Amino acid sequence: MSELETLARKYALQNALEYEGKASPGPVIGRIMNEMQEMKSRAKEVSEAARKAIASVNSMSFDEQKAELETLAPELLIKQKKEIIKDLPALENAENGVVMRLAPNPSGPLHIGHTRMAILNDEYVKRYGGKLIVRMEDTNPPTVLPEAYKMILEDLDWLGVKYHEVVNQSERFDIYYEYAEKILAAGHGYMCSCESEAWRKLKDEKKECPHRSTAPEVNLELWKKLLAGGFKVHEISMVVKTDINHPNPAVRDFVAMRMVEEPHPLTGTKYKVYPLYNFSVAIDDHLMGMTHVLRGKDHLNNTIRQIYVYDYMGWPKPVFIHYGWVSIEDTVLSTRQIKAAIGEGQYTGWDDVRLGTVSALARRGIAPGAIRQYWNDVGAKAVDIRFSWENLYAMNRDIIDNDAVRLFFVRDPHARPITGIEKLHSSAPLHPERPELGKREVNMEGDIEVWLTSEDLEMAKPGSILRLKDLGNFEIQGTELKYIGNDLDVLKKGAKIVHWVGPDSFDTEVLMPDGSRITGLAEKTTMYYLGKVVQFERFGFVKLDSASTNGRIIAYFANK
C-alpha cells in the first residue's frame, strides 16, 4: 500500500469514527493535503485515493473501523467524549422545597412533547425536595379516553418520574362550585346569557357585556338556578371579570363555568356544570399548595387570567416559569388523530412504532434516560426550539451501546456455497469492549452455505476478495465463494468486509419508524435476546420484540 493509500485509509477511518461510521471526502482530502503538501498539484489522484478508501471504510461496522484504526494509527482515535450534564437553572424561592405538578389531559397516552413537562418538573422536585402531583385535567368529557388514566401513569413510571399523589379534577366539582359562588358574591364574576359570538365581539371592542354590571345577589340566584338544572346547554355561563380594557383581547374576561350534557367516563351524569381550564387550574394550584408552575409559554395568557383569581381571593401566587415552544416535525402527535386512525386500522395501537408516543418509543428501544438527558440539555429557556430526533438518537446510542450485543442480520439474503474447505469455525465477542458477555460461536462442516446481502454481492466482482467477518477470506468464483485463508492483510489490499449468516438462522422482520418493513435473516444467537435491544451490525440498534411459533423474529428499529 502506497503512502497516499495509507494516509487515505487512516484519515477515512478517523473521519468515519468522528461521524457515526460514515466518512466524507472533504475532511479526508483536506487532511491528506495538509500532511502531503506536494500532493496539492495532484488533486485528482488524491481524490481518487480518498474515494476508494471511503467506499471501503464506510462498508465496515463502527467496531471494525475502530479496531483497524487502533492498529493502523492509534494516535488518531477520537477520545471518549466526556458526558456533559447541563444543569437546569435554579428556581427562585425553592430553598425550603417545592410543590409542583404535572397536568395532563387524559385524552390519550403521553407523547414525546409531553415528556418535557414531566421530566423538568420531576428534575426540580428531586433537586429541591418536596412533592410532585399528577393532576388529571379531565373536565372536557368528549376528549376523555378512559384507558388514558392508566396509560399516562405507566408512561410516567417508565420515564422514571416519581410522583407523590394523583388527583382527578372530575372529582373536585363541589370545590369549584364553592369558589364560583365566592367570586360571584364578591362581584368579581357574572352570569352571562349572551350568544357567544356576540360576547366575544363586545370584548374585542373593549365593550362590556350587558350582564357585566348585574348585582351579585342576582348573579347568585342565576348560579343556583344553573346548578339546579334550570337552564339548557349554551343558555348561560359564569364569567370571571378581568380588565375589559386590557390591551390583549384574550385576557379580557373569561368563561369559568358552563353546562355540559355529555356523560363523563368517571362520574357519569352526576354533574352538569363544568369548570373551564383557567378557573379550575387557578383554584387547584392554590389549594394543592403549588410553589412553582412550570409550563410552556403558550400558557402566558392563561397565567395572566389565573392571576386575577389569585388576586380576587387574596392568595399568594406561585412562581410561574414558561419555557419556549417545541416544534416536532414528521411525527403524528395529535391524540384525536391517532385515536381515529387506530379505529380505522391505520395504526396497530398507541405503541405503533410510526408514532411519537412514549409507549412507541419504549417499544422501539429508546431508553428513558436518553429522553431525560435530551430535555435536561434543552432546559426551561423561553426560546423556541425544533426537536432533533438525531440528537435524541445520539444520546440513546450512548446509553444502550454498552449493553447491546452485536449480532449479524442479512437483509435481502442470497445463499452462496463455500468451496475449498470442509470445516469452518467462527468465534467473535458479543461485545467488543465487554468480554464478560461471552462469544458467538458458529461451526459449519460438509456442504457449507452462507447468506450475504444482495447489496454486497452486487458490489463484488468475479475474482475479487471478500472477508466474511470473523470467518475468513473468500474469492468470488461465479456463484460460489472459495476459501483462501484467514490473513487480515487482505484488508490492506482493499478486500471488503461483509456480514453473513450461516445455517440455523431465523427469518427476521424489522419494522421501521416510517412504516416500512425490512426482511432478512438473523443469526441463531438472536433468539437468546428476545425482549432486549441489540445491534445488528452495519444496520442499527433494534428492539427484539418476539418470535412467532414458526421461529420468525419481529424487531423494531431504534436508531443507527
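The values are calculated or read from the model by the stated rules, or taken from the named source; none is laboratory data. As the structure is a prediction and not an experimental result, all values here were calculated from the model. Note that each Cβ is placed from the backbone with ideal geometry, even for glycine, and that neighbours are counted across all protein chains shown.
Run residue 351 past the list (1) part of a loop (DSSP other than H, G, I, E, B); (2) more than 14 Å from the chain's Cα centre (by Cα) and report the number of the one that doesn't hold.
(2)
Within the range 104-151, count every residue that is part of a loop (DSSP other than H, G, I, E, B) and under 25 Å from residue 363 (Cβ atoms).
Our first condition is that a residue be part of a loop (DSSP other than H, G, I, E, B); within the range 104-151, this holds for 104-110, 112-113, 129, 137-140, 144-147.
Restricting the remaining residues to those that are under 25 Å from residue 363 (Cβ atoms) gives 104-110, 112-113, 144-147.
Qualifying residue count, the range 104-151: 13.
Would you mind telling me which numbered condition in (1) touching an Asp or Glu at 6+ places or on another chain (Cβ under 7 Å); (2) farther than 29 Å from residue 481 by Cα residue 423 fails?
It is condition (2) that residue 423 fails.
Got a number for residues in the range 204-251 being under 19 Å from residue 177 (Cα atoms), surrounded by 15 or more Cβ atoms within 10 Å (Cβ to Cβ) and of a type in the set (Lys, Arg)?
1
Which one of these does residue 471 not meet: (1) within 14 Å of residue 500 (Cβ to Cβ); (2) touching an Asp or Glu at 6+ places or on another chain (Cβ under 9 Å); (3) modelled with pLDDT of 95 or more?
(2)
Go through the residues of the range 478-489 one by one and say whether even a single one is within 24 Å of residue 544 (Cβ to Cβ) and either in contact with a helix residue (DSSP H, G or I) (Cβ under 6 Å, 6 or more places away or on another chain) or in the same structural domain as residue 548 (by TED's automatic domain parsing) (or both).
Going residue by residue through the range 478-489, those that are within 24 Å of residue 544 (Cβ to Cβ) are none.
No, that holds for no residue.
Given 406, 434, which one is surrounded by fewer than 18 Cβ atoms within 10 Å (Cβ to Cβ) and out of contact with any Phe, Trp or Tyr (no Cβ under 7 Å at 6 or more places or on another chain)?
On the way: 406 fails: surrounded by fewer than 18 Cβ atoms within 10 Å (Cβ to Cβ).
Within the list 406, 434, the selection yields 434.
This table checks each residue for (1) outside any helix (DSSP H, G or I); (2) surrounded by 21 or more Cβ atoms within 10 Å (Cβ to Cβ); (3) not polar (S, T, N, Q).
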{"residue": "519", "(1), (2), (3)": "yes, no, no"}
{"residue": "526", "(1), (2), (3)": "no, yes, no"}
{"residue": "534", "(1), (2), (3)": "yes, yes, yes"}
{"residue": "542", "(1), (2), (3)": "yes, yes, yes"}
{"residue": "554", "(1), (2), (3)": "yes, no, yes"}
{"residue": "557", "(1), (2), (3)": "yes, yes, yes"}
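Among the residues of the range 471-490, how many are hydrophobic (A, V, I, L, M, F, W, C), within 21 Å of residue 58 (Cα to Cα) and crowded, with 21+ Cβ neighbours inside 10 Å?
2
Of all residues being modelled with pLDDT under 95 and in a strand (DSSP E or B) in the range 486-505, which is farthest from residue 542 (Cα to Cα)? Just the residue, please.
The qualifying residue farthest from residue 542 (Cα to Cα) is 496.
With 350, 325, 315 as the choices, which residue is loosely packed, with under 15 Cβ neighbours inside 10 Å and touching a residue at least 12 places away in the same chain (Cβ under 8 Å)?
On the way: 350 fails: loosely packed, with under 15 Cβ neighbours inside 10 Å; 315 fails: loosely packed, with under 15 Cβ neighbours inside 10 Å.
Result of the check over 350, 325, 315: 325.
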